[in-house]
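*Asks:* Just dropping this structure here.
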Amino acid sequence: MAVYTLPELPYDYSELEPVINPQIIELHHDKHHAAYVKGANDTLEQLAEARDKEQWGSINGLEKNLAFHLSGHILHSIYWHNMTGDGGGEPLAADGVGDLADAIAESFGSFAGFKAQLTKAAATTQGSGWGVLAYEPLSGRLIVEQVYDHQGNVGQGSVPILVFDAWEHAFYLQYKNQKVDFIDAMWAVVNWQDVAKRYEAAKARTDALLLAP
């Protein structure tokens, strides 16, 4: 039985137009995200086989594959809900997301400073990767992470709450090689209500990082 399953999109393929066209959403979700789900499940089966046969020659590759596919599945599952056709702007107390707005200002100095840092982190990721806003439980601050592929350059224990997919399959059919234009456009569909819920949930996990017994 498969451990991981592809989640349904929370909206129609056309929901995010004109920022992301329906063809990209369909291919991105139905093909690319589905491939990460299958890859994670296949790798778990291969690891089980290795344990049964006590054959560990491929352990390094299998562990790397599991991290790659599982992280891809997790990040994409967040990504779809981080966006809405009614999104954009910045988080405001008047919209019920004041705690998130205050945390961004405290962690980055201002919303403008945060937006500039996340934009640059996503747009300048070498090769394929992500720009991520994460809650870091040790300090209780928000941090920006630059994720290579799906799982590199990440602070252990940090919880992603807003993710910008900077892989070419996320934008190339529409934006060609202009990754910066795509990242800039993404701000118009950010679902701050979803980000705020993830922030509150991350803060509530007081046992998320135990440094000592």
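*Asks:* Sort through L142, L211, L173 and tell me the only one that's at pLDDT below 95 and of a type in the set (A, V, I, L, M).
*Replies:* Answer to the check: L211.
*Asks:* Can you list the helices (runs of 4 or more DSSP H) lying wholly within the range 95-213 that have 1 or more residues being open to solvent by less than 20 Å² (accessible area, probe 1.4 Å) and in contact (Cβ under 8 Å) with a residue 24 or more places away in the chain?
*Replies:* Working: elements: 98-108, 111-123, 172-175, 179-186, 192-204.
The qualifying helices (runs of 4 or more DSSP H) are 98-108, 111-123, 179-186, 192-204.
*Asks:* A48 fails exactly one of the following numbered conditions: (1) over 18 Å from the mean Cα position of the chain (by Cα); (2) open to solvent by 60 Å² or more (accessible area, probe 1.4 Å); (3) free of Cβ contacts under 8 Å to residues at least 60 places away in the same chain. What is the number of that condition?
*Replies:* Tallying (1) over 18 Å from the mean Cα position of the chain (by Cα); (2) open to solvent by 60 Å² or more (accessible area, probe 1.4 Å); (3) free of Cβ contacts under 8 Å to residues at least 60 places away in the same chain, A48 fails exactly one: (2).
*Asks:* Given the options S71, S14, name the one that is surrounded by 12 or more Cβ atoms within 10 Å (Cβ to Cβ), of a type in the set (S, T, N, Q) and not in a loop (DSSP other than H, G, I, E, B).
*Replies:* After applying the criteria, what remains is S71.
Here's the yes/no breakdown for (1) of a type in the set (A, V, I, L, M); (2) under 19 Å from V163 (Cβ atoms):
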position: I24; (1), (2): yes, yes
position: G39; (1), (2): no, yes
position: E49; (1), (2): no, no
position: E54; (1), (2): no, no
position: G57; (1), (2): no, no
position: G61; (1), (2): no, no
position: S71; (1), (2): no, yes
position: I78; (1), (2): yes, yes
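*Asks:* Just give me the residues in the range 17-33 being open to solvent by less than 60 Å² (accessible area, probe 1.4 Å) and free of Cβ contacts under 8 Å to residues at least 40 places away in the same chain, in sequence order.
*Replies:* P22, I25, D30 - these are the residues of the range 17-33 that are open to solvent by less than 60 Å² (accessible area, probe 1.4 Å) and free of Cβ contacts under 8 Å to residues at least 40 places away in the same chain.
The values are calculated or read from the model by the stated rules, or taken from the named source; none is laboratory data. Keep in mind the model is a prediction, meaning the values are calculated, not measured. Quick reminder, even Gly has a Cβ in these numbers, built from the backbone with ideal geometry, and neighbours come from all protein chains shown. We work out accessible area using only protein heavy atoms, side chains counted, and drop any ligands, DNA or RNA first. Shrake-Rupley method; radii C 1.70, N 1.55, O 1.52, S 1.80 Å.
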